[in-house]
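Worksheet for the structure shown next.
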Amino acid sequence: MNSQTAEAPLIADVIDIPPWGLRSADGRPAGVYADLMQMLAERSGCPLQLRLVPILRSIVDIGHNVSHLTMMLDRKDMNDAGLLLGTVTQLSVQVWLPLSSAVRRTEQLRGHTVAVLRGPTYHEGVQNDAAIAKWPVSSPRQQLEMLRSGRVDAALGVEQNFLVAARAMGLGADSFAPPLQLGAREVRLWLAPGRAGHRCHARLVQALQSLRQDGSIARRMADATADD
């Protein structure tokens with residue numbers, strides 16, 4: 001019984017935001033995070049069963065041990081729900097603006113409305129500023145559609161999300177004003193608390209470190225905006 005339990009695949013969540021997570025033509029989870037999960041499985045020798053889910057569902061399911069592994073931008077509720085295994089990579093945080101925008105600094109966003117994804121915290125200075133109105137939406141594409149239609153004045157998120165969403169809309173980055181650069185945030189890997197004693201706990205930590213050190217993660221990240 002214990003042997004069977006030890007050999008059962010861990011359920012690994014892939015968030016459903018392109019280019020990080022999407023469904024392939026054959027219905028399987030694909031995208032950057034799906035590939036990184038497969039790399040972790042191969043390097044650690046720990047089989048993973050991937051599933052494509054919304055961010056908030058993954059947070060709840062990890063906390064209740066329904067799923068066992070996930071990666072996403074660092075966030076307090078995920079740190080509270082899971083066991084941190086390490087940093088995967090970093091993503092560039094940006095504010096995208098319409099071509100006509102006169103905004104050149106984050107302070108100039110006060111009095112304006114910014115489209116943000118529900119859940120993630122990209123930049124505390126913008127998201128905690130009560131003088132900046134926030135409009136929660138469900139996808140980067142919706143952020144850019146609202147920006148193009150004039151329903152919001154700016155969109156806050158990560159560079160790769162916006163580049164992929166813009167391409168899906170048939171637009172280039174030059175269809176928007178130069179973005180405001182707001183630094184970077186970490187993408188982290190978490191394990192469900194109920195798997196703290198699992199044989200793969202330490203092996204996944206070691207695999208993550210190895211993939212970072214040999215450049216495997218950096219090479220996959222370099223192709224992130226090529227994913228549809």
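In a simple Cβ point-charge model (Lys, Arg +1; Asp, Glu -1; nothing else charged), segment 71-175 has a dipole of about 260 debye relative to its Cα centre.
In a simple Cβ point-charge model (Lys, Arg +1; Asp, Glu -1; nothing else charged), the chain has a dipole of about 140 debye relative to its Cα centre.
For segment 72-118, with only Lys/Arg (+1) and Asp/Glu (-1) charged at the beta-carbon, what is the dipole magnitude about the Cα centre, in debye rounded to 20?
Working: 6 positive and 4 negative charges, 47 e Å.
Magnitude of the dipole: close to 220 debye.
Using 0.36 nm per residue, how much length does the chain from H201 to A130 gain when fully extended, once their Cα-Cα distance is taken away?
21.5 nm
Using only Cα atoms and rounding to the nearest 10 degrees, what angle (0 to 90) does helix 159-168 make with the longest principal axis of the chain? Roughly 70 degrees between the two axes.
With a cut-off of 18 Å on the backbone N, the residues of segment 206-221 near the modelled label site 7 Å out from A184 along Cα-Cβ are 208-221.
What does the highest-first list of 38-45, 25-32 look like by mean Cβ count within 10 Å? Show your work: numbers first, answer last.
Numbers: 38-45: 17.9, 25-32: 15.8.
Descending packing order for the listed peptides: 38-45, 25-32.
Which whole-angstrom value gives the distance between the alpha carbon centres of segment 90-146 and segment 44-87? Value for the Cα centre distance between the two parts: 26 Å.
Farthest toward the positive end of the dipole of segment 148-228, out of C200, A218, W190, is the Cα of C200, where the dipole comes from beta carbon charges about the Cα centre. In the frame of its principal axes, segment 144-205 has Cα extents of 51, 24, 20 Å, reported largest first. Helix 200-213 sits at what angle to the longest principal axis of the chain, using alpha carbons and giving 0 to 90 degrees rounded to 10? The two axes meet at around 50 degrees. Computed over protein heavy atoms with a 1.4 Å probe, the carbon and sulfur contribution to the accessible area of segment 60-169 reaches 48%. Using only Cα atoms and rounding to the nearest 10 degrees, what angle (0 to 90) does helix 140-149 make with the longest principal axis of the chain? Helix 140-149 and the main axis of the chain meet at about 10 degrees.
Averaged per residue, what accessible surface does the chain expose to a 1.4 Å probe, in Å²? Please list the in-between numbers first.
On the way: 10550 Å² over 228 residues.
Normalised by residue count, the accessible surface of the chain is 46 Å².
Cα-based values for the chain, radius of gyration first and Dmax second, are 18.4, 65 Å.
Across the chain, Cα pairs under 8 Å and at least six residues apart give a relative contact order of 29 percent. Local charge for H68 was computed over the other residues whose Cβ lies under 13 Å away, with Lys and Arg +1 and Asp and Glu -1, and equals +1.
The values are calculated or read from the model by the stated rules, or taken from the named source; none is laboratory data. What you see is a predicted model, and the numbers here were worked out from it, not measured in a lab. As a convention, Cβ positions derive from the backbone with ideal geometry for all residues, glycine included, and neighbour counts pool all protein chains shown. With ligands, DNA and RNA removed, areas are computed over all heavy atoms of the protein, side chains included. Shrake-Rupley method; radii C 1.70, N 1.55, O 1.52, S 1.80 Å.
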